[in-house]
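*Asks:* Mind looking over this structure? Questions follow.
The values are calculated or read from the model by the stated rules, or taken from the named source; none is laboratory data. The structure presented is a predicted model; accordingly, all values stated were derived computationally and were not measured. Note: ideal-geometry Cβ built from the backbone for every residue, glycine included; neighbour counts use all protein chains shown. Calculation scope for accessible area: heavy atoms of the full protein, side chains included, ligands and nucleic acids excluded. Shrake-Rupley method; radii C 1.70, N 1.55, O 1.52, S 1.80 Å.
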Amino acid sequence: MSLQDTIIHYTSDELIRLSVAQTRGITETARKRHNLSPVACAALGRAMTGALLLAGDYKNHEGVSLKFDGDGPLGAVHVDAFDTNKVRGYVDHPQVDLPLKANGKLDVGGAVGQHGQLTVTRFTPEKTTYTSQADLVSGEIAEDLAYYLLTSEQIPSTISLGVLVDRDYTIAASGGFLVQALPGASDEALSRVEANITQIGPITSFLQDHPTGEELAGIILGGMHYKELFRQPVFWQCTCSKARIERVLLSLRDSDKQDLLSDPQVEMTCHYCGAKYVISHDELAALFAKQRKGS
Ligand code: ZN
């Protein structure tokens, strides 16, 4: 069964904003592209979902890059969300696996590490607009993002992110939500949301039972006057292309170009998305010849 990945934005008269993301397809794509271990998949899936929730939050088509650089065996987790609804990402050591925690959950905090930095960069297609850092809190991703939003952007938020990996390592559920109080929200509204959230239970179990996540709004904003603002499909997508790879090849020094021409073909892999580009010797020779003619 394929389910369209989606992000849905809601707002309430009580000045509470809610975004809900369903990202099972994206996390499954990342798993296959990078051959991720379950714990690597959980870390990257949570981080990609978090980036989409943060990026979708801004209407001016800002993108968001996140780098969770902890002291755990996974190395850094790198994620970019752009155009408000596309995301890509990778981890330094995709094969790292750890024993489950005592509660049976994947040990994302142990894999990412409890000590280190979260770097957040906001950007538009033209330029970087903002880069800021916060210490990691637990390496569990959602807590780290909430702490970052509070300390660096002064936005009190509740974030919940979860990835459920099935016995056969495919993704059974992936998604999460972001709740933010707009300026002027009453303490009463905030405590109501807080109480509502406790009814959800573990987000992965909830998403397994309610795959679209749409039921979350009725629970989190229960007892309030809320409406859906908009929804959009979200996708795994990279910015790499054969044309980009060719531009890189054209920028090489002449001696390096000659070296490449001695091989039957050139293979390049994009580390962001795992896409492999193969350029044959004839294609490469034609590309370089065209450049010589043009210059
Ligand atoms: Zn790529």
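*Asks:* What do you reckon, is Arg192 over 22 Å from Leu66 (Cα atoms) and outside the structural domain of Gln117 (by TED's automatic domain parsing)? Please lay out each step first, then the result.
*Replies:* Working: over 22 Å from Leu66 (Cα atoms): yes; outside the structural domain of Gln117 (by TED's automatic domain parsing): no.
The answer is no for Arg192.
*Asks:* Return the residues of region 135-183 that are assigned to a loop (DSSP other than H, G, I, E, B), under 26 Å from Asp209 (Cβ atoms) and hydrophobic (A, V, I, L, M, F, W, C); say none if nothing qualifies.
*Replies:* Ile141
*Asks:* I've got another one for you. When you scan region 268-280, do you find a residue that is of a type in the set (S, T, N, Q), away from the ligand (no atom under 16 Å from the Cβ) and not assigned by TED's automatic domain parsing to the domain that holds Gly176, even just one? Walk me through it before giving the result.
*Replies:* If we filter region 268-280 for residues that are of a type in the set (S, T, N, Q), which is where we start, we get 269, 280.
Still in the list and also away from the ligand (no atom under 16 Å from the Cβ): 280.
Retained after the next criterion (residues that are not assigned by TED's automatic domain parsing to the domain that holds Gly176): 280.
There is at least one residue in region 268-280 that is of a type in the set (S, T, N, Q), away from the ligand (no atom under 16 Å from the Cβ) and not assigned by TED's automatic domain parsing to the domain that holds Gly176.
*Asks:* Of the numbered conditions (1) charged (D, E, K, R); (2) within 16 Å of the ligand (Cβ to nearest atom); (3) open to solvent by 30 Å² or more (accessible area, probe 1.4 Å), Lys101 fails exactly one; give the number of that condition.
*Replies:* Condition not satisfied by Lys101: (2).
*Asks:* The conditions are (1) open to solvent by less than 70 Å² (accessible area, probe 1.4 Å); (2) basic (Lys, Arg); (3) within 16 Å of the ligand (Cβ to nearest atom), and Arg247 fails exactly one of them. Which is it?
*Replies:* (1)
*Asks:* Consider only pairs whose beta carbons are under 6 Å apart and that are at least six residues apart or on different chains; among these, list those whose first residue lies in region 103-121 and is within 16 Å of Ala146 (Cβ to Cβ) and whose second residue is among the aliphatic types (A, V, I, L, M) and open to solvent by 30 Å² or more (accessible area, probe 1.4 Å).
*Replies:* Qualifying pairs under 6 Å: none.
*Asks:* Just to verify a result, which residue in region 231-244, among those that are outside any loop (DSSP other than H, G, I, E, B) and within 20 Å of the chain's Cα centre (by Cα), is farthest from the ligand (Cβ to nearest atom)?
*Replies:* Arg231
*Asks:* To continue, here is another question. Just the residues that are in contact with a strand residue (DSSP E or B) (Cβ under 7 Å, 6 or more places away or on another chain) and open to solvent by 60 Å² or more (accessible area, probe 1.4 Å), please, taken from region 118-149.
*Replies:* Correct list: Thr128, Thr129, Tyr130, Thr131, Gln133, Asp135, Tyr147.
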